[in-house]
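These notes are about the structure you will find just below.
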Amino acid sequence: MERHIKLTLLGGILAALAAGFILGSVADEGSLGGSLQHASTLVRENVGQPADVDFTLFWNAWDALHERFVDSEKLSTQDLIYGAIAGMIQAAGDQYTVFFEPVTNKKFRDEISGTFSGVGIEIGKRNDLLTVISPIKNTPAFRAGVRTGDIILAIDKKTTADMTVEEAVTLIRGSRGSTVTLSIRRNGNPDADIAMVRENIRIPAVEWSLLNANTAYIELSTFNQNVDDEFRKAAREIQKTSAKNIILDLRSNPGGLLDSSVYIAGWFLDPGSTVTIERFGDGSENVFRTSGEPELRDYSIVILTNGGSASASEILAGALHDVRSIRIVGEKTFGKGSVQEVIEFPGGSALKVTVARWLTPNGISISEKGIEPDVKVVLSEDAITAGTVVFGTPGKDPQLDKALELLK
């Protein structure tokens, strides 16, 4: 029997990883899939079959395919089984509920670890179009000028129409030193092909600096497995400075581990404060609360967000905003607030399934609305592309400048 462990992860998600906010992961030995890894024959058993479901049509189609298909000797039982499962999952109509074959599942796990090979973008679906949620700083995609909101029309000339996020991830990722070309459409501009050389991507989760004697600037890039330790180290170093203010930059942070968003919220909020509410389809709820000492509680805080801020970063921003009325500057967040659980099966395959939705402490659905800034400051794509906007640099970053103004 397969076992689930709630893991807490996005989008995630990251060399072109699936935009998913993952709650779950799993371990596993089980009845499903153990025989699939090297399947060459198929045993038609009714074990586990729902009593009110007739699979006759499925088997009729199976038999007809094998009897009539022109290249029937090339049919792979394993591939057909995986394809049937993937088709069933896709029919659920939720872009974040997907079936991972073993190879794709391994890549997905590599991405969660925070180190992988690719070009460094978070992607998802918006209006059924493959869309860039955010490029990761200092990666091939970032340096090539890929931007939040870019629509990916093709990958190495292969159209992305009807392509799942996971299929796109598999195509974009590859061996270090190889090249991938994305065909991009941006804000009605002429379509452009952007070629990038894949690299080994390691994502630094936290970087910080002093902007002036009173203000520390923390750039939180992702919620991967390194973020807790990196944030703790940064917080300890900031506490040794003269800073009384903190600007928490969540821009283009695609999300990641739920536990880490709760942990980091605990540095700013009193113990027992609600960080997020997990609401399931049956109406039941889980409430995630802070614990530990809020060592950054007395600092004045401003948060920066944009359209690339998703899942765990939205949860953190929503919690600090709702509980402490901490102001948010920038642009509306992406709106990725559903919860996925990853169920692994023997043989290496897995199911990532949406099981719930996230709400802010005030009950706002992140998926439906995203997080609106208190002070809206929109950066023009032309200014970003031209390099006149330099993120994190006072005087060249209008959103950061507005945050500094508010802290005065």
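Structural remarks
- Among the residues listed as GLY281, GLY347, the single one being closer than 26 Å to ASN105 by Cβ and outside the structural domain of SER380 (by TED's automatic domain parsing): GLY347
- All positions within region 62-91 that are loosely packed, with under 15 Cβ neighbours inside 10 Å, in a helix (DSSP H, G or I) and not acidic (Asp, Glu): ALA64, LEU65, HIS66, ARG68, SER72, LYS74, GLY83, ALA84, GLY87, MET88
- If you check SER242, SER309 for being loosely packed, with under 15 Cβ neighbours inside 10 Å and hydroxyl-bearing (Ser, Thr, Tyr), only one passes: SER242.
- Of the residues in region 333-354, none is over 30 Å from LYS402 (Cα atoms), of a type in the set (Lys, Arg) and over 20 Å from the mean Cα position of the chain (by Cα).
- Here GLU331 clears all of (1) surrounded by 20 or more Cβ atoms within 10 Å (Cβ to Cβ); (2) closer than 29 Å to PRO102 by Cα; (3) not basic (Lys, Arg) except the condition numbered (2).
- Qualifying residue in region 73-95 (condition: of a type in the set (Ser, Thr, Tyr) and more than 30 Å from LEU129 (Cβ to Cβ)): yes
- Scan of region 242-264 for residues that are under 19 Å from the mean Cα position of the chain (by Cα), among the polar types (S, T, N, Q) and outside any helix (DSSP H, G or I), ordered by number: SER252, ASN253
- Qualifying position, being of a type in the set (A, V, I, L, M, F, W, C) and surrounded by fewer than 22 Cβ atoms within 10 Å (Cβ to Cβ), among PHE99, PHE142: PHE142
- Positions within region 129-148 being closer than 21 Å to GLY188 by Cα, modelled with pLDDT under 85 and not polar (S, T, N, Q), in sequence order: ILE133
- Some residue of region 226-241 being in a loop (DSSP other than H, G, I, E, B), in contact with a helix residue (DSSP H, G or I) (Cβ under 9 Å, 6 or more places away or on another chain) and not assigned by TED's automatic domain parsing to the domain that holds ALA141: no
- Residues in region 176-205 that are among the hydrophobic types (A, V, I, L, M, F, W, C) and either outside any strand (DSSP E or B) or within 17 Å of ILE247 (Cα to Cα) (or both): ILE203, ALA205.
- Wholly enclosed strands (runs of 3 or more DSSP E) of region 315-408 bearing at least 2 residues modelled with pLDDT under 95: 338-344, 350-359
- For the residues THR131, THR148, THR170, THR160, the requirement of being of a type in the set (S, T, N, Q), closer than 19 Å to THR97 by Cα and within 15 Å of the chain's Cα centre (by Cα) singles out THR131.
- Flag for ARG173 being modelled with pLDDT of 90 or more and more than 26 Å from ASN245 (Cβ to Cβ): no
- Pairs with Cβ under 8 Å, 6+ apart, first in region 367-391 and over 30 Å from ARG279 (Cα atoms), second at pLDDT 90 or above and in a strand (DSSP E or B): VAL377/VAL329; VAL377/GLY330; PHE391/ASP249
- Within region 277-306, restricting attention to residues that are of a type in the set (Val, Ile, Thr) and closer than 20 Å to ASP249 by Cβ, the residue that is farthest from the chain's Cα centre (by Cα) is ILE301.
- Residue count for region 352-404 satisfying the condition of being at positive phi and surrounded by fewer than 14 Cβ atoms within 10 Å (Cβ to Cβ): 3.
- Verdict on SER183 being among the hydroxyl-bearing types (Ser, Thr, Tyr), more than 20 Å from the chain's Cα centre (by Cα), loosely packed, with under 14 Cβ neighbours inside 10 Å and modelled with pLDDT of 90 or more: no
- Pick from region 92-122, criterion assigned to a helix (DSSP H, G or I) and closer than 23 Å to ASP259 by Cα, ranking: modelled with the highest pLDDT: ASN105
- Residues of region 206-225 that turn out to be small (Gly, Ala, Ser) and in a strand (DSSP E or B), as a count: 2
- Only one of the listed residues (ALA216, ALA205) is in contact with a helix residue (DSSP H, G or I) (Cβ under 8 Å, 6 or more places away or on another chain), more than 28 Å from ASP382 (Cβ to Cβ), modelled with pLDDT of 95 or more and not hydroxyl-bearing (Ser, Thr, Tyr). That residue is ALA216.
The values are calculated or read from the model by the stated rules, or taken from the named source; none is laboratory data. Just so it is clear, the model here is predicted, and its values are computed rather than measured. Heads up, the Cβs are rebuilt from the backbone with ideal geometry, glycines too, and the neighbour counts pull from every protein chain shown.
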